[in-house]
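Data block below; observations after.
The values are calculated or read from the model by the stated rules, or taken from the named source; none is laboratory data. Please read these numbers as outputs of a predicted model, since none were measured by experiment. Please note: Cβ atoms are built from the backbone with ideal geometry, for glycine as well, and neighbour counts cover all protein chains shown.
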Amino acid sequence: MSVALGILFGIINTLVLHLAKGMERHGIEIFSRKKSLKEKGKKPLIYIIGFTLNNTVFIWQILGTSFAPAAVFSSVFGLGLILLMIYSRYILHEEITSPELLGAILIVAGTTMVGFFYLIEPLNTGNVLYMNFFILIIVIIVLFSLLIGFSWKTRIAIAFIFGAVAGTLGGTDNVLKRIGLTSNNFFEAIAGIFQLELDSFIFLFSFIAGLFAMILTQIGFAKGADASKLVPMYNSLYIVAPVLFELIIVEGASISIGIIISIIVIVAGVFLMNIFKNPREKIKSEKLGYK
């Protein structure tokens with residue numbers, strides 16, 4: 001039952017986030033100074049609603065990771081792209097290409113497989129191996145600092161590196177919240193900060209990881225990253241990172257071949273839905289940004 005709730009809140013999370021992105025894209029015209037607010041109609045309100053929805057995502061993260069491992073919660077993240085595609089097609093009247101349609105089908109198939117395999121074979125939820133955890137955090141900080149520094153200085157692979165690092169941090173956000181909430185509810189996790197409890201500080205650090213994920217995507221776009229490359233890298237690592245990290249830091253954790261295949265199918269679908277966007281759509285996505 002807990003796994004099912006984790007998947008349910010994961011689906012709500014990705015649907016809310018991608019609907020918010022669609023609404024922000026819809027209302028992005030408010031940043032144009034060529035028209036008055038009256039001439040822009042309802043777009044400012046649409047953008048405000050989208051922005052508000054975008055900032056409720058942490059609620060679904062907390063609920064989802066309270067019931068299931070981060071790998072379960074984040075595994076269905078690609079599903080939201082389908083809602084964004086529908087919004088783009090029928091509200092924004094944008095063209096849907098054959099690769100995007102195929103990508104949507106793969107995401108639905110992969111997500112269904114994930115739900116099926118996790119329900120019949122739940123992830124092991126053993127104790128956290130804190131030594132492995134801290135070594136992993138140190139490796140991530142050092143490696144990501146080197147990658148970001150290299151890309152920043154040389155302007156090489158900005159979309160891929162910034163997307164991969166931001167997506168990994170986004171996925172790490174879910175892992176850290178899961179650790180912080182494993183033995184506590186939200187209020188206990190917050191109260192534990194004043195009692196200097198380690199898990200509570202890990203929970204607090206999750207918000208910092210999520211913030212850096214957002215900042216890095218915006219910096220990537222500001223430095224000219226192609227959204228059609230950065231977004232699929234972000235989404236893919238957001239899904240894959242929690243699976244790999246929990247295998248390293250959770251005692252006795254394992255993964256079935258079925259889950260591995262499911263994740264590969266989802267990641268392939270994510271790439272198909274983004275990598276073949278036409279130039280006009282790329283420009284719109286770059287203006288929008290991505291969290």
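Under 25 Å from Ile249 (Cα atoms) and either modelled with pLDDT under 85 or in a loop (DSSP other than H, G, I, E, B) (or both): which single residue out of Gly78, Gly41, Gly64 fits that description?
Matching residue, one of Gly78, Gly41, Gly64: Gly78.
Does region 228-244 include one or more residues that are farther than 19 Å from Val267 by Cβ and free of Cβ contacts under 8 Å to residues at least 60 places away in the same chain?
Our first condition is that a residue be farther than 19 Å from Val267 by Cβ; within region 228-244, this holds for none.
Looking for residues that are farther than 19 Å from Val267 by Cβ and free of Cβ contacts under 8 Å to residues at least 60 places away in the same chain, one finds none in region 228-244, hence no.
Of the residues making up region 165-187, those that are surrounded by fewer than 17 Cβ atoms within 10 Å (Cβ to Cβ) and either closer than 17 Å to Gln61 by Cβ or at pLDDT 80 or above (or both) are Asn185, Phe186, Phe187. Could you list, in sequence order, all residues of region 126-162 that are small (Gly, Ala, Ser) and either in contact with a Lys or Arg (Cβ under 7 Å, 6 or more places away or on another chain) or at positive phi (or both)? Result: Ala157, Ala159.
Within region 160-206, being over 26 Å from Val240 (Cβ atoms), touching a residue at least 24 places away in the same chain (Cβ under 8 Å) and not in a helix (DSSP H, G or I) holds for one residue alone: Asn185. The set of residues in region 109-149 being surrounded by 14 or more Cβ atoms within 10 Å (Cβ to Cβ), in contact (Cβ under 8 Å) with a residue 12 or more places away in the chain and hydroxyl-bearing (Ser, Thr, Tyr) consists of Thr111, Tyr118, Thr125.
All of Ala213, Ala225 fail the test of being touching a residue at least 40 places away in the same chain (Cβ under 8 Å) and assigned to a loop (DSSP other than H, G, I, E, B), apart from Ala225. The residues of region 245-262 that are touching a residue at least 40 places away in the same chain (Cβ under 8 Å) and either in contact with a Gly (Cβ under 7 Å, 6 or more places away or on another chain) or surrounded by fewer than 17 Cβ atoms within 10 Å (Cβ to Cβ) (or both), listed by number, are Ile248, Val250, Glu251, Gly252, Ala253, Ser254, Ser256, Gly258, Ile261, Ser262.
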